[in-house]
Amino acid sequence: MKIIISQTEAMEKKVWDEIIVMFGLGEDDEVWDNEQFILTEDQARELGLIK
């Protein structure tokens with residue numbers, strides 16, 4: 001299973017900082033509010049998005 005989350009959703013769920021690290025993004029990287037990130041089931045569990 002794949003989980004798709006946008007930057008806005010990640011910020012609302014307070015997992016944006018972890019997403020940045022998981023995807024290797026830096027402070028200088030431009031990310032749109034509606035940009036989507038595809039998480040594996042394990043990544044989503046690690047972030048507490050699913051049980």
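When segment 2-47 is described by a simple charge dipole with +1 on each Lys and Arg Cβ and -1 on each Asp and Glu Cβ, the residue from W16, V31, I5 located farthest towards its positive end is I5.
Please report, in debye to the nearest 20, how large the charge dipole of the chain is about its Cα centre when each Lys and Arg carries +1 at its beta carbon and each Asp and Glu carries -1 there. The partial results should precede the final answer.
Working: 5 positive and 13 negative charges, 88 e Å.
Approximately 420 debye in magnitude.
Scanning the chain for GluC sites (Glu not before Pro) lying in DSSP loops with no more than 12 further Cβ atoms inside 10 Å, the longest uninterrupted stretch between such sites is 1-26.
Could you list the trypsin sites (Lys or Arg not before Pro) in segment 3-47 that lie in coil according to DSSP, counting only those with at most 12 other Cβ atoms within 10 Å of their Cβ?
On the way: sites: K13, K14, R45; in loops: K13, K14.
Answer by residue number: K14.
The Rg/Rh ratio for the chain, using Cα coordinates for both the radius of gyration and the Kirkwood hydrodynamic radius, is 0.94.
Restricting the chymotrypsin sites (Phe, Trp or Tyr not before Pro) of the chain to loop positions (DSSP other than H, G, I, E, B) with no more than 13 neighbouring Cβ atoms within 10 Å leaves F23, W32.
Any read-out appearing in this document is the output of simple, stated calculations on the displayed coordinates, not a laboratory observation. Keep in mind it's a predicted model, so treat the numbers as computed, not measured. Using ideal geometry, Cβ is built from the backbone for each residue, glycine included, and neighbour counts are taken over all protein chains shown.
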